[in-house]
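Chemist: I'd like to ask some things about the structure below.
Just so it is clear, none of the values below were taken in a lab; they were calculated from the coordinates. Keep in mind that what you see is a predicted model, and the values were worked out from it rather than measured. Neighbour counts are summed over all protein chains in view; Cβ atoms, including those assigned to glycine, are modelled from backbone coordinates with ideal geometry.
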Amino acid sequence: MQNKILITIFMLFISSKTFAKKTYNSADNIETIILAGGCFWGVEELFRQVEGVIDTEVGYTGGTIENPNYEIVSGGLSGHAESVKIIFDNKKISLEKILKFFFTIHDPTQLNRQQNDIGTQYRSEIFYQNSDQEQVAKKIIKLAEESGLFPSKIETKISAFTKFYPAEKYHQDYLVKNPKGYTCHFIRKEWVF
């Protein structure tokens with residue numbers, strides 16, 4: 001009897017989580033932005049911890065091949081970037097703050113790489129969903145360039161979002177599952193602007 005109650009509670013919990021994931025996108029204060037800043041594991045892990053971020057998912061964006069997989073993307077031939085879909089509550093955190101944080105956790109001055117990860121799949125890019133997001137992205141890049149904090153020119157591209165392909169299951173929440181896993185991402189306090 002106790003097992004049946006526990007199973008029922010667990011199933012209600014799971015269905016409420018599933019229901020929440022299906023409905024939060026319709027709220028006026030919920031936004032999605034896709035960011036590419038090197039290996040998606042580290043970007044996802046740092047954003048996952050930001051207050052106001054509701055959900056993260058790693059995947060592939062900005063390429064030319066339908067339904068890419070890790071092997072294709074990591075070869076650099078599909079044009080996709082390893083990216084992170086970030087769903088956030090804009091009443092708790094603005095897109096401007098999301099993007100400023102993004103500029104502190106990866107090196108936006110490196111073209112097509114992040115430290116030892118080299119190739120177009122590791123580029124720095126903001127994939128905007130609408131013209132408001134495009135304008136905010138342009139503003140933040142301008143502020144970053146004018147700040148004088150970065151060692152060289154900002155190489156981050158701004159592109160219209162087209163399609164996001166979720167990465168394989170083992171990549172999702174990778175650093176939660178593998179706390180000692182590889183990452184080249186960290187918060188650079190000297191780049192806070």
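Chemist: Dipole of the range 29-191 (Lys/Arg Cβ +1, Asp/Glu Cβ -1, origin at the Cα centre): which of F186, G37, L175 lies farthest to the positive side?
Modeler: Farthest towards the positive end: F186.
Chemist: Still on this model: I'd like the orientation of helix 95-105 relative to the chain: the angle between its Cα long axis and the longest Cα principal axis, in ° from 0 to 90, rounded to 10.
Modeler: Approximately 70 degrees, to the nearest 10.
Chemist: What area, in nm² and to one decimal, does the C-alpha convex hull of the range 122-193 cast on average over all directions?
Modeler: 6.5 nm²
Chemist: Helix-only mean residue ellipticity at 222 nm, the chain, DSSP H runs n ≥ 4 weighted -39,500 (n - 2.57), per residue, nearest 500. What is it?
Modeler: That comes out to -11000 deg cm²/dmol.
Chemist: Per q in 0.09, 0.16 Å⁻¹, report the Debye log10 I(q)/I(0) for the range 29-191, using one uniform scatterer on each alpha carbon and no solvent.
Modeler: Those come out to -0.25, -0.86, one per q.
Chemist: On C-alpha positions alone, give me the angle between the axis of helix 2-23 and the longest principal axis of the chain, in degrees, nearest 10.
Modeler: Approximately 40 degrees, to the nearest ten.
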